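**Q** Structure below; questions to follow.
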Amino acid sequence: MTPVLQAAGGGGSLFGEGTQTSVLIAFLVFVGAALLLCVFAGPDRDEVADFYTANRSLTPLQNGLALSGDYISAATMLGTTGIVALSGFDGIMLDVSTALALGTLLVLARPLRNAGRYTLGDIFALRAPGSAPRIAAAVVTLAVSLPFLVVQLAGAGAATAMLLGLTSDGAQQTCIALIGTLMVFYTVLGGMRGTSLMQIVKVVLTIGTFATMTVYILSRFHWSPDALLTAAAHGSGHPDSYLRSTSQLGVTANGPLNIIGLHATVVLGAACMPHMIMRVNAAPDGATARRSTRYALGMVGVYSVALAVLGIGAAALVGAKVISAVNPNGQAALLLLAGSLAGGPSTTAGSALFTAVACTVFVTVLAVVAGITLAAAAALAHDVHAHAVRRGRLTQVREVRAVRWAVLLFGVVGILVSVAAQGYNVQFLSMLAVTVAASAVLPALVHSLFWRGYNGTGLLWSVYGGAALAIGLQLVSPTVSGGPGTLFPDMDFAWSPLQSAGLVSVPAGFLLGWAGSRYGRRRAAAAGPVAGGPEVDHDEVELKVLTGVGSD
């Protein structure tokens, strides 16, 4: 056990060796069960539709559960709980924004499924035929997926090592490599069907575990919300400001703009991640996709309420001082809370609850990284290899083989980057991924689905311009350098005062799409119909968006 955890426990340890043994046994059981699940539920034949979308055979409820599972990540599970515990009101508002983000997907779900087939590239190709839009889709998919994967693996490696009582950097790197290897196996063996079942199991386990913890927390305070909030305010270390907005998330002089930008970026970008779009495309039709998204919105709403209660409970029962001592960003708040409930980990009930929470975090990581890996591999195999390189002349067997190799390639790269990042604070990568999704993916989707004037030039401008602006501004923001809790705390190149670049990059992505389309039309008119490339039948595109006719 690390000294900081011993200090956190008041001289003892957070959990004993008996609990560590039960956690290890539970991990092994989950690993074995998940592998069997993927083997038995995986695709029977090498068919593209089966590997990418499970032949669209999931019911609306099943797909809704899987969609909420894709959305619930370890970064939100651990990070949001810690932010609520340390920041109070501002953390709760971030939790609300995370839940509201699925509202964006609810608006887009029907036209997305009607127009889409498997990947972002299929949607980008609506208004802009050729290989360039598909390459752009693959680039932005990787730009969103890789940072998000690194955050998940790095956090999971550290949390797993802590749960097993391992302290060295090598142990954490070994945990990262093992979890990443399992991720590759699950995705290769299970495809969309296997990962969907993992997501469903994960959501049921998460909701059940968090509901149990919520009951324990409320019973500790005699079912009085006032008593719980009062204790949380005192435990936070800033009782006068815990329940009101005081920019506790770290924003500085430009607080209001930063807060608006942060919440707007989360609401607009969190549901536009490529693996979420791929999940929507697994629905049989547009109406079913919308129903599935409604189910997911309800599940995520329940999850977010529980998350807020757990964060407040962590502040009340553990205290911000102990949480910050273990991790300045509050990542350990959920595990510390689990260790203090149900009589502590030395009791049978406490040990069982702590083990359930540990398994929930573990299976969440495995399920989410499998979904991310499948989306990234599909972009490489379907958009780049099958369409951009082979011009659509690749057989289904060869494409399924290609996507399995792409899973291996993306998984190895993700593992290597995550291992190299061990020891660094890479939490800003979550915001980077969401910002790129809001700045590059969302404008391209909205323009492609709803604007007849959108063309290839506009798409490339919005995708590459929005992504470049989001990445550039985020790298020179206060989340990367210039203070404690950043990637480079001893350096200061935070030239931008905005902690979230989305306040600038999201509107810029839409404007670039509009400006690029106008420029592309003028250039095509000057070049003539032959030099201007193939014409797009916009009536056919709009019929597809409205009805789904021709999407498959």
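**Q** For the stretch 227-241, how many residues meet the condition of being open to solvent by 40 Å² or more (accessible area, probe 1.4 Å) and outside any helix (DSSP H, G or I)?
**A** Total meeting the criteria: 3.
**Q** If I ask for residues that are more than 14 Å from Ala501 (Cβ to Cβ), hydrophobic (A, V, I, L, M, F, W, C) and out of contact with any helix residue (DSSP H, G or I) (no Cβ under 6 Å at 6 or more places or on another chain), which ones from the stretch 426-459 would you list?
**A** Listed by number, the residues that qualify are Leu445, Val446, Phe450, Trp451.
**Q** Moving on to the next point. I'm told Val549 meets every condition in (1) outside any helix (DSSP H, G or I); (2) open to solvent by less than 50 Å² (accessible area, probe 1.4 Å); (3) modelled with pLDDT under 85 except one. Can you identify the failing condition by its number?
**A** Evaluating Val549 over (1) outside any helix (DSSP H, G or I); (2) open to solvent by less than 50 Å² (accessible area, probe 1.4 Å); (3) modelled with pLDDT under 85 leaves (2) as the failure.
**Q** While we're on this one: Are any of the residues in the stretch 449-463 buried (at least 16 other Cβ atoms within 10 Å of the Cβ), among the hydrophobic types (A, V, I, L, M, F, W, C) and modelled with pLDDT under 90?
**A** Looking for residues that are buried (at least 16 other Cβ atoms within 10 Å of the Cβ), among the hydrophobic types (A, V, I, L, M, F, W, C) and modelled with pLDDT under 90, one finds none in the stretch 449-463, hence no.
**Q** Can you find a residue that is open to solvent by 30 Å² or more (accessible area, probe 1.4 Å), within 23 Å of Thr98 (Cβ to Cβ) and assigned to a loop (DSSP other than H, G, I, E, B) anywhere in the stretch 331-348?
**A** yes
**Q** Output yes when any residue across the stretch 164-179 is assigned to a helix (DSSP H, G or I), in contact (Cβ under 8 Å) with a residue 60 or more places away in the chain, charged (D, E, K, R) and crowded, with 24+ Cβ neighbours inside 10 Å, and no when none is.
**A** no
**Q** Quick check: is even one residue across the stretch 442-464 touching a Cys at 6+ places or on another chain (Cβ under 9 Å) and not in a strand (DSSP E or B)?
**A** Within the stretch 442-464 (the criterion being touching a Cys at 6+ places or on another chain (Cβ under 9 Å) and not in a strand (DSSP E or B)), the answer is yes, since at least one residue qualifies.
**Q** Do you know which residues across the stretch 65-111 are under 24 Å from Leu366 (Cα atoms) and outside any helix (DSSP H, G or I)?
**A** Ile72, Ser73
**Q** Right, here's the next one. If you take the residues of the stretch 38-71 that are touching a residue at least 12 places away in the same chain (Cβ under 8 Å) and β-branched (Val, Ile, Thr), which of them is surrounded by the most Cβ atoms within 10 Å (Cβ to Cβ)?
**A** If we take residues in the stretch 38-71 being touching a residue at least 12 places away in the same chain (Cβ under 8 Å) and β-branched (Val, Ile, Thr), then Thr53 is surrounded by the most Cβ atoms within 10 Å (Cβ to Cβ).
**Q** Checking Ala406 against (1) farther than 28 Å from Leu197 by Cβ; (2) touching a helix residue (DSSP H, G or I) at 6+ places or on another chain (Cβ under 6 Å), which single condition isn't satisfied?
**A** Condition not satisfied by Ala406: (1).
**Q** Could we say that Ala515 is in contact with a Phe, Trp or Tyr (Cβ under 7 Å, 6 or more places away or on another chain) and among the aliphatic types (A, V, I, L, M) here?
**A** Taking the combined requirement at face value, the residue satisfies it.
**Q** Hey, Ser304 hits all of (1) of a type in the set (Ser, Thr, Tyr); (2) open to solvent by 40 Å² or more (accessible area, probe 1.4 Å); (3) out of contact with any Pro (no Cβ under 7 Å at 6 or more places or on another chain) but one; which does it fall short on?
**A** Looking at each condition in turn, Ser304 falls short on (2).
**Q** Of the residues Val203, Val280, which single one is closer than 30 Å to Arg45 by Cβ and in contact with a Lys or Arg (Cβ under 6 Å, 6 or more places away or on another chain)?
**A** Every option except Val280 fails the conditions.
**Q** Can you tell me which residues in the stretch 185-212 are touching a Leu at 6+ places or on another chain (Cβ under 6 Å) and surrounded by fewer than 23 Cβ atoms within 10 Å (Cβ to Cβ)?
**A** Within the stretch 185-212, just Ile200 meets the criteria.
**Q** What do you reckon, is Ala388 open to solvent by 10 Å² or more (accessible area, probe 1.4 Å) and either assigned to a helix (DSSP H, G or I) or of a type in the set (A, V, I, L, M) (or both)?
**A** Yes, satisfied.
**Q** Which one of the conditions (1) farther than 22 Å from Pro328 by Cβ; (2) open to solvent by less than 20 Å² (accessible area, probe 1.4 Å); (3) over 21 Å from the mean Cα position of the chain (by Cα) does Ala440 fail to meet, given that it meets all the rest?
**A** (3)
**Q** Identify all residues within the stretch 282-296 that are more than 13 Å from Leu546 (Cα to Cα), open to solvent by 10 Å² or more (accessible area, probe 1.4 Å) and either in a loop (DSSP other than H, G, I, E, B) or hydrophobic (A, V, I, L, M, F, W, C) (or both); write none if there are none.
**A** Residue satisfying the conditions is Pro284 alone.
**Q** Which one of the conditions (1) in a helix (DSSP H, G or I); (2) open to solvent by less than 60 Å² (accessible area, probe 1.4 Å); (3) modelled with pLDDT under 90; (4) farther than 30 Å from Val403 by Cα does Thr21 fail to meet, given that it meets all the rest?
**A** (2)
**Q** OK, next. Which residues, counting only those in the stretch 447-476, are small (Gly, Ala, Ser), touching a Phe, Trp or Tyr at 6+ places or on another chain (Cβ under 8 Å) and closer than 23 Å to Leu146 by Cβ?
**A** Ser462
**Q** Same structure again: Find the residue count for the stretch 106-135, including only residues that are of a type in the set (Val, Ile, Thr), open to solvent by 30 Å² or more (accessible area, probe 1.4 Å) and touching a residue at least 24 places away in the same chain (Cβ under 8 Å).
**A** Residues in the stretch 106-135 being of a type in the set (Val, Ile, Thr), open to solvent by 30 Å² or more (accessible area, probe 1.4 Å) and touching a residue at least 24 places away in the same chain (Cβ under 8 Å): 1 in total.
**Q** Are any of the residues in the stretch 151-158 open to solvent by 20 Å² or more (accessible area, probe 1.4 Å), at negative phi, assigned to a loop (DSSP other than H, G, I, E, B) and of a type in the set (Gly, Ala, Ser)?
**A** No, the stretch 151-158 has no match at all.
**Q** I'd like the full set of residues that are closer than 24 Å to Ala99 by Cα and buried (at least 24 other Cβ atoms within 10 Å of the Cβ), limited to the stretch 317-330.
**A** Listed by number, the list holds a single entry, Gly330.
The values are calculated or read from the model by the stated rules, or taken from the named source; none is laboratory data. Only a predicted model underlies this, so the values are computations on that prediction, with no experimental measurement involved. Cβ: placed from backbone, ideal geometry, glycine included. Neighbour counts: every protein chain shown. Quick note on the areas: whole protein, heavy atoms, side chains included, nothing else; ligands and nucleic acids left out. Shrake-Rupley method; radii C 1.70, N 1.55, O 1.52, S 1.80 Å.
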